[in-house]
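Encoded as structure tokens, the structure appears first; notes follow it.
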Amino acid sequence: MRPLQARSFIAAAESICRASGQNPAAFLGGPSALDRWFRCYVNARVTRREFLRRAAAGAVAGPMLLRGASRSESDLLAEAEERIRQHRRRRRVLLIRDAKGRPVPGAKVRVQQTRHEYWFGCNLFLFGRGSGASWESEYRARFIELFNFATLGFYWAMYEPQPGRPQEERTDQILEWAAKHGIVCKGHPLVWDDRVSSPSWLPESDEELARLVETRVRSVVSRFRGRLDVWDVVNEATHLPDRVSRTRMARWGEAIGPVAYTRRPLEVARAVHPEAVLLVNDYRLDQAYYNLLDAVRDAEGRPLYDAIGLQSHMHGGPWPLARIWEVCDRFAQLGRPLHFTEITVVSSSQRSPGEPWGPTNPEAEARQAEYITKFYTMVFAHPATQALVWWDLSDRGAWQGAAAGLLRRDMSPKPAYERLHELIRRRWWTQAEGIVGTDGEYVVEAFHGRHRITVEAQSGRTVTLEVDWPVQAPDRMEVRLQ
């Protein structure tokens, strides 16, 4: 690719965005994303006219994403805080009674949250990679301290480097550790066209490859059923007509089209595990992805997936806050919960696209911490969202070699880690105590999730119980001092 040609195409895309009254860096993700966008079209051998046509279509859709950009960040965040109060917690009434059902006024009550209903997570890709090194024990401890949800890698070429010989033992070890610490796990991904998920041994026959894909989905989902019940079934299918990669999986996906490529694996996974939470996941958050999702339905018109995966890698710069809310509003129309599956905000920089990333530094760490506090607040406030998943926990082994972690390479926490801990385990975490009134009632505003309730009567009689308070739980609950 000639630099002059790249600059010409990128400039054309930028001019189209500006003509529609928007910031191209905000809409398209920054200069590095523009460059990647151009490269995708060059690799797919798309003509200049087609490139500009697609750029123009994106520019027309762009203002919908940014129509709230004129509002100040402070206004958007204030509204988000109010929505968190409305949607993420509820007034709960404890009816404190003695063994005969009589009110017990004056009893002391303590309510302590032990688990969020909402999934706050991260990929767990460094698990077992330290060979006993001290940094790995710190990595695991920091993970447990913050998260209740983990993404595990099931990249086909890595999981099954030789046909019929999947690497299952490591996954078994991770699941055992996760279950011990109350961490829900998700498998990622079952079907993807990238080279790490397109083994070199795949056959040239499309019919045989379709059979192998179904066999993989069926065997993996059934193998871990009951221990691993959340799956990114299909990853990044929207770009298949453009064939961003030239792998065997991409050529097959291009031949059958994104809808068929997405539909059949979901049907197979559902047949094997009817209770599983199945996702479609993509970095494309445009109308093309929406249309794909809208098309993948059963005979009764219901979506074949249970949740929608939205990637948010921000190597090219943070999203405007208005865009976060607009993305949520757009995909919420499909009637399924939203998962922000891959969140990246870096604490380093590049001299130019394609150059190596620099190391983490204090100034960039401060910016990272400030922004992710806002990002998490905006997403958590939207009632359609169900999960926030960071990508990666540490700078060690982080994607693209960027300083994208919440921890530095030595596993020391960055300000971003501390900010998220403050949000997830303090501000959005129920900690309350008080005295039962004369009517025998104690009222608490509690976040949705699991709680430990301790009640101590003036007589010294005490009871402790664990209770789940999901969104749909009754508002009133009786506690008996036997």
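From Leu388, Leu338, Leu310, grab the single residue that is closer than 25 Å to Glu236 by Cβ, out of contact with any Asp or Glu (no Cβ under 7 Å at 6 or more places or on another chain) and without any contact (Cβ under 8 Å) to a residue 40 or more places away in the chain. After ruling out the rest, the residue left standing is Leu310.
For the structure I just gave you, tell me whether Val259 is closer than 27 Å to Glu204 by Cα, surrounded by fewer than 19 Cβ atoms within 10 Å (Cβ to Cβ) and at pLDDT 95 or above. Don't jump to the end; show me each part of the working.
Details: closer than 27 Å to Glu204 by Cα: yes; surrounded by fewer than 19 Cβ atoms within 10 Å (Cβ to Cβ): yes; at pLDDT 95 or above: yes.
Answer is yes for this residue.
Within region 413-464, the only residue that satisfies the criterion of being of a type in the set (Phe, Trp, Tyr), out of contact with any Lys or Arg (no Cβ under 6 Å at 6 or more places or on another chain) and within 26 Å of Val104 (Cα to Cα) is Tyr442. Screening the candidates Leu152, Leu95, Leu124 for the property of being outside the structural domain of Met411 (by TED's automatic domain parsing), hydrophobic (A, V, I, L, M, F, W, C) and either surrounded by 13 or more Cβ atoms within 10 Å (Cβ to Cβ) or farther than 28 Å from Trp390 by Cβ (or both) yields one hit, Leu95.
How many residues are over 22 Å from Gly317 (Cβ atoms) and of a type outside the set (Lys, Arg) when one looks only at region 408-422? Quick ask: steps written out before the conclusion?
Initial filter on region 408-422 (over 22 Å from Gly317 (Cβ atoms)): 409-413, 418, 421-422.
If we keep only those that are of a type outside the set (Lys, Arg) as well, we get 410-413, 418, 421-422.
Count: 7.
Take residues that are of a type in the set (Lys, Arg) and tell me which of the strands (runs of 3 or more DSSP E) falling wholly in region 441-482 contain 1 or more.
On the way: elements: 441-447, 449-456, 462-469, 476-481.
Ranges flagged: 449-456, 476-481.
Would you check which residues across region 122-151 are part of a helix (DSSP H, G or I) and either free of Cβ contacts under 8 Å to residues at least 60 places away in the same chain or hydroxyl-bearing (Ser, Thr, Tyr) (or both) and list them? Once the filter is applied, which keeps residues that are part of a helix (DSSP H, G or I) and either free of Cβ contacts under 8 Å to residues at least 60 places away in the same chain or hydroxyl-bearing (Ser, Thr, Tyr) (or both), region 122-151 yields Ser134, Glu136, Ser137, Tyr139, Arg140, Ala141, Ile144.
Residues in region 152-185 that are over 22 Å from the mean Cα position of the chain (by Cα) and in a loop (DSSP other than H, G, I, E, B): how many? The total comes to 9. Comparison of Gly354, Gly316 shows that the only residue that is farther than 22 Å from Pro413 by Cα, crowded, with 18+ Cβ neighbours inside 10 Å and at pLDDT below 95 is Gly316.
Comparison of Val327, Val379, Val346 shows that the only residue that is of a type in the set (Val, Ile, Thr), touching a strand residue (DSSP E or B) at 6+ places or on another chain (Cβ under 7 Å) and under 23 Å from His421 (Cα atoms) is Val379.
Within region 145-199, being β-branched (Val, Ile, Thr) and in contact with a Phe, Trp or Tyr (Cβ under 6 Å, 6 or more places away or on another chain) holds for Ile174, Val184, Val196. Just one of the listed residues (Arg323, Arg297, Arg284) is more than 19 Å from Pro189 (Cβ to Cβ), of a type in the set (Lys, Arg) and surrounded by fewer than 17 Cβ atoms within 10 Å (Cβ to Cβ), namely Arg297.
Would you confirm whether or not region 295-316 contains a residue that is assigned to a helix (DSSP H, G or I) and out of contact with any Lys or Arg (no Cβ under 6 Å at 6 or more places or on another chain)? Don't jump to the end; show me each part of the working.
Taking region 295-316 first, the residues assigned to a helix (DSSP H, G or I) are 295.
Still in the running and out of contact with any Lys or Arg (no Cβ under 6 Å at 6 or more places or on another chain): 295.
Scanning region 295-316, I find at least one residue that is assigned to a helix (DSSP H, G or I) and out of contact with any Lys or Arg (no Cβ under 6 Å at 6 or more places or on another chain), so the answer is yes.
Residues that are β-branched (Val, Ile, Thr), within 21 Å of Ser312 (Cα to Cα) and assigned to a loop (DSSP other than H, G, I, E, B) within region 241-292 comprise just one, Val244. In the set Ser352, Ser347, only one residue is free of Cβ contacts under 8 Å to residues at least 40 places away in the same chain, among the small types (Gly, Ala, Ser), assigned by TED's automatic domain parsing to the domain that holds Tyr305 and part of a loop (DSSP other than H, G, I, E, B); that residue is Ser352. Summed over region 355-367, the residues that are in contact with a helix residue (DSSP H, G or I) (Cβ under 7 Å, 6 or more places away or on another chain) and assigned to a loop (DSSP other than H, G, I, E, B) give a count of 2.
Only one of the numbered conditions (1) buried (at least 18 other Cβ atoms within 10 Å of the Cβ); (2) closer than 17 Å to Phe120 by Cα is not met by Glu418, and that is (1).
The values are calculated or read from the model by the stated rules, or taken from the named source; none is laboratory data. A quick note: this is a predicted structure, and the numbers were derived from the prediction, not measured. Neighbour counts run over all protein chains shown; Cβ positions are idealised from the backbone, glycine included.
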